[in-house]
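As C-alpha cells, the structure follows; a few thoughts come after it.
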Amino acid sequence: MPDIEVRRAAGALGAYVTGIDLTRVQSPEELKPIKDALAEHLVVFLPDQRLDLDDLERVTDLLGGRDVTPYVDPLPDRPYVIRVIKEPTDQLNFANAWHTDLSYLPEPPAYTLLHAWEVPEYGGDTIWANQYMAFETLSAGLQSTLLGLRAVHSAGMAYGTGGLLDKVKDLTSMAIAPSPEAYSEWTHPAVITHPVTGRKALYVNPVYTTRFDGWMPHESQSLLSFLHRHTVNENLTCRLHWARHTLAIWDNRCTLHNALNDYPGQRREMFRTSVKGAAPTA
C-alpha cells in the first residue's frame, strides 16, 4: 500500500493527497487510501500526476469502472473520455453552474475524475459543496419533510434540443450533443443514504432537478430555490486553484460543484472520466 499523506484543504470538505504516483498503480487495493480519503473528505486533489489518457482510464477502471457521459461527444477513440476545453476566444466554459454530475440518470456516477493539462494563469477555479452538511444544517422539521420526498431530474434544460447549451453552442468549443432524449425524467430520493459512509446527503441541484415527484413545478419552486441557496453556502465549500497535472476526484453522491468562468482570453484544457455508480437509495 502506498504511504500517502492527506492534508485537509478546507473545513467543510476537500483534501490534498500526496505520496502516490498513479502512473504506477495497477490494482484496486493500491487505491484504497484514495477511497478512504474520499469517504472522509468527499473530494481529493492529487498534484503533479503526469497521467496520459491510458493512465486516466486505467485509474478510472480501478476505482470501479468507466461510465459514459451523455450529450457530450467523447474523444473519437475513447468513448469514456470527454475533453473539457475553453479556448481563448470562447465566451462560455463547461459546468459553470452548481450541479451534481449526471443526476438525471437512473444510476449516476459514483466518482468523477478531472485531470488538468493546461490551466489559465489566473481564474478557472472549481468549487465543491458538502451535501452531508447541507442536510445536517437544516431544521429537524424540514429534514423530516425532505426524507419523505422524491425529486425529478432531467437533462432537458441543459442538453435538450433547443435547450440552453444548444442555444449557446457557438460560444463554446465543447463538443455538446443536444438531444430530444435529454428531456426524459428520472426520480431519486431528495435525501439519499451514502452506500459507503451511511450518512444522509441532500440530493437536489439547480441544473437537473426540476420539481418534487407528485408536486407541480410552481409548487416545488419555492422550496427548491431555498435549498439551492442553502446547499452552496460558503461555509459548506472548498475551492481548488488548478495547476497543470493536478487530478481531482470527487464523490457525486454527496457533493455539488461549479467551474468558474473568470479567465477571459485564456485557454483551459482538461480530460474527464466518470466511475460507474448505482441507483441512489433513501
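The values are calculated or read from the model by the stated rules, or taken from the named source; none is laboratory data. Remember, predicted model here, so these are calculated numbers, not experimental data. As a convention, Cβ positions derive from the backbone with ideal geometry for all residues, glycine included, and neighbour counts pool all protein chains shown. The accessibility values were calculated without ligands, DNA or RNA, using every heavy atom of the protein model including side chains. Shrake-Rupley method; radii C 1.70, N 1.55, O 1.52, S 1.80 Å.
Things worth noting here:
- Taking every C-alpha pair closer than 8 Å and separated by at least 6 residues, the mean separation divided by the residue count of the range 86-228 gives a relative contact order of 30 percent.
- Size of the chain as Cα extents on the principal axes (Å, biggest first): 51, 43, 31
- For the range 237-246, Karplus couplings with θ = phi - 60° (6.51, -1.76, 1.60), whole Hz, Gly/Pro x: 10, 9, 9, 10, 8, 5, 10, 4, 6, 6
- When only the Cβ of Lys, Arg, Asp and Glu is charged (+1, +1, -1, -1), the dipole of the chain relative to its Cα centre reaches about 540 debye.
- Accessible area of the chain belonging to carbon and sulfur atoms, whole % at 1.4 Å probe: 51
- Accessible area per residue in Å² at 1.4 Å probe, computed on the range 26-138: 39
- Extension gain (nm, one decimal) between R244 and D48, 0.36 nm per residue minus Cα-Cα: 69.8 nm
- Peptide ranges 224-236, 261-273 listed from the most packed, as the mean C-beta count within 10 angstrom indicates: 261-273, 224-236
- Neighbourhood net charge (13 Å Cβ-Cβ; Lys/Arg +1, Asp/Glu -1) for E185: 0
- Gap separating the Cα centres of the range 66-101 and the range 228-282, nearest whole Å: 13
- Calculated FRET efficiency, A39 to E234, Cβ-Cβ distance, R0 = 30 Å: about 0.80 to the nearest 0.05.
- Percentage relative contact order, the range 1-55, counting C-alpha pairs under 8 Å, at least six apart: 39
- For the range 17-28, backbone phi angles converted through the Karplus equation (6.51, -1.76, 1.60; θ = phi - 60°) give residue-by-residue couplings of 10, 10, x, 9, 10, 5, 5, 9, 6, 10, 9, x Hz, Gly and Pro being listed as x.
- Of the two radii for the range 151-229, the radius of gyration is 1.05 times the Kirkwood radius, both from the alpha carbons; that is the Rg over Rh value.
- Dimensionless Rg ratio for the range 6-94, taking C-alpha atoms and the 2.2 N^0.38 Å reference: 1.25
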